[in-house]
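The values are calculated or read from the model by the stated rules, or taken from the named source; none is laboratory data. Remember, predicted model here, so these are calculated numbers, not experimental data. Positions of Cβ are generated from backbone atoms using ideal geometry, with glycine treated the same way; all protein chains shown enter the neighbour counts. When the accessible area is computed, the model is the full protein with side chains, heavy atoms only, and any ligands, DNA or RNA have been set aside. Shrake-Rupley method; radii C 1.70, N 1.55, O 1.52, S 1.80 Å.
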Amino acid sequence: MTLHDGFRRLALPDARPVRFVLVGVTGVGVNMLVIWMGTAGLHLHTTAAGVLAAVVSTFTNFTLNSIFTWRDRRSAALRLQAARLVRYYVTTGGGNVVYLGVLTMLVHTLEVRLALANLVAIAVGGAFNYLLHNAWTWRRGEPA
C-alpha cells in the first residue's frame with residue numbers, strides 16, 4: 001500500500017488539507033536544519049540564516065506540495081511551474097504577514113502565552129496559505 005492509498009482511505013471528502021499540513025511539518029524540519037547549519041556551520045548571523053532557512057524551506061514546501069498536495073494540478077510546462085513558484089513565494093509571504101499579525105495581537109494585546117499564541121497564529125497563517133494556494137497558486141483550469 002502506498003502513502004497515496006492511505007490518504008485515499010481517509011474519511012475526508014478531500015485529503016488535500018491534510019497533505020498540506022504534512023508538507024508544512026516537513027518544512028519546519030527543513031527550516032530548523034538550515035537555520036542550524038547556517039548559524040553553527042557557516043557562522044551566519046541569525047537573521048541571514050533565518051532568511052536562508054525561509055527561502056530553502058519555502059522552495060522544498062513548494063516542490064512537495066506540487067508533487068503531493070496538488071499533484072492532480074501539476075504541469076510539465078516550465079513556464080507554468082515558474083509562475084506557480086512565484087505565486088507560492090508571494091502567497092507564503094502574505095501568510096507570514098498574517099501569522100506575525102495574529103501572533104503579535106495575541107501576545108501583546110490579549111496577553112496569550114507565547115506557545116499557545118504561536119500555535120494559533122501558525123494555524124491562521126497556514127489556513128490563509130492553504131486557501132490562497134488552492135485558489136491561486138495551483139488554480140484549476142490552467143493549461144498543463
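Computed quantities for the displayed model
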quantity	calculated
Inter-part distance where segment 22-56 and segment 72-116 are each reduced to a Cα centre, Å	16
Helix-only [θ]222 nm of the chain, DSSP H runs n ≥ 4, -39500 (n - 2.57) each, per residue, nearest 500	-21500 deg cm²/dmol
Dimensionless Rg ratio for the chain, taking C-alpha atoms and the 2.2 N^0.38 Å reference	1.14
Accessible carbon and sulfur surface of segment 35-96 relative to its total accessible area, %, 1.4 Å	72
Separation in nanometres of the label points that stand 7 Å from Cα toward Cβ, at Leu33 and His108	3.4
FRET efficiency, Leu100 to Thr60 (Cβ-Cβ, R0 22 Å, nearest 0.05)	0.55
Calculated Rg and Dmax of segment 39-111 using C-alpha coordinates, Å	16.0, 48
Where the chain is the region considered: accessible area per residue in Å², 1.4 Å probe	63
Stretch gain in nm, segment Ser75-Val51, where the contour uses 0.36 nm per residue and the Cα spacing is subtracted	5.8 nm
